[in-house]
Amino acid sequence: MRANFVMSGVGIGLRRNLTMTIALVLSTAIALAFVGTAILANIEISRFKSNYEGKLNTSVYLCAKVYDAPCTGRTTAAQTATIERELKAYPDVTGVSYVSERQQFNRLKETASERVLAQSKVGDLPASFTVKLKDIGKDYDKFARTFSSVAGVSVVNNQIDTIRSLLDIIDAARIFSIVIAAVVLIASILLIANTIQVAAQQRRNETSIMRLVGASRLMTELPFMIEAIIASAVGGLIAFGLVAVGKHYALNDVFATQTKNGVIPNLTTNDLLVASGIGLISGIVLSAVVAIATLRLYVRL
């Protein structure tokens, strides 16, 4: 009987304040979507670091058929042999492998789009040496200074810089999501408080009668709390859909080739469920706390 009474009160409250409830659902959905995005971005950063930690190498690019300074011409076979000997003799180098122009082009075919491949051919990308340093973080600067001035070398490239650029983009998305989520969550908290206050004022006579006939304070407050929780739960479910669409667009559309080839770690359905689940539970708990605080501090049923 009590359960039926409480739920009937919840239904009446939701119908009376339908527009405010919809606004609360939408604002909660947006906030929790950005919370989920921030969690997924953090997962992506962790996997990125785990995948590439200890596997980063330095590339020494030679001068190609089409060249820029400091190259004065295409690297000759004699220069290539000299560079290889110097690399293998360098004390901080633990491994050296040669990548021909043909191999560079084959690597491009694995990651580039059809449009880029249609405009590319063997020889557009320079041959290079892939060099493994003992400690790339400590040894790279000295190594780069040494080999940047060697005849036949176009540029010395550190893969850390490339990875760091990608991580910076992901981290920027994470920080942006956190900021937007915080702003929208504050708006949602205020909206929850205002919705409860309006609903409580509309039903003040009903709740007063309930108290007179012996209903506990919790029993009169419970419908308002459940209304806020339902709105947050619906918003959390919508947020899951938004996060799933965003993930599909980013990893399966914009970065589809890189994700397919394993350059960028993919996110699984389980990752989506974990991120959205954390957001949903956080939203429900937050809405319940705000509802209780509003009812006890401002409404005082």
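Observations on the model:
- Boolean, Asp141 is out of contact with any His (no Cβ under 8 Å at 6 or more places or on another chain), part of a loop (DSSP other than H, G, I, E, B) and more than 30 Å from Val234 (Cα to Cα): no
- The residue that is farthest from Ala256 (Cα to Cα), among those in region 79-121 that are acidic (Asp, Glu) and surrounded by 14 or more Cβ atoms within 10 Å (Cβ to Cβ), is Glu86.
- For region 43-55, the condition holds for at least one residue, the condition being that it is outside any loop (DSSP other than H, G, I, E, B), closer than 30 Å to Gly236 by Cβ, in contact (Cβ under 8 Å) with a residue 60 or more places away in the chain and open to solvent by 50 Å² or more (accessible area, probe 1.4 Å).
- Matching residues, region 205-224, being at pLDDT 70 or above and open to solvent by 30 Å² or more (accessible area, probe 1.4 Å): Met219, Leu222
- Cβ-Cβ distances below 9 Å connect the following pairs, each with a first residue in region 31-42 that is farther than 17 Å from Ala231 by Cα, a second residue that is outside any helix (DSSP H, G or I), and a separation of six or more residues or different chains: Leu40/Leu267.
- Residue pairs meeting the criteria (Cβ under 7 Å; at least 6 apart or on separate chains; first more than 21 Å from Glu110 (Cα to Cα), in region 244-261; second modelled with pLDDT of 80 or more): Ala244/Leu272; Gly246/Thr37; Lys247/Leu40; Lys247/Leu267; Lys247/Leu272
- Count of region 124-138 residues, restricted to those that are within 26 Å of Thr76 (Cβ to Cβ) and part of a loop (DSSP other than H, G, I, E, B), is 4.
- In this structure, Asp124 does not satisfy being more than 21 Å from Thr257 (Cβ to Cβ), acidic (Asp, Glu) and open to solvent by 30 Å² or more (accessible area, probe 1.4 Å).
The values are calculated or read from the model by the stated rules, or taken from the named source; none is laboratory data. These figures come from a predicted structure and were not determined experimentally. Virtual Cβ from ideal backbone geometry, glycine too; neighbours counted across all protein chains shown. Heavy atoms of the whole protein, side chains included, go into the accessibility calculation; ligands, DNA and RNA do not. Shrake-Rupley method; radii C 1.70, N 1.55, O 1.52, S 1.80 Å.
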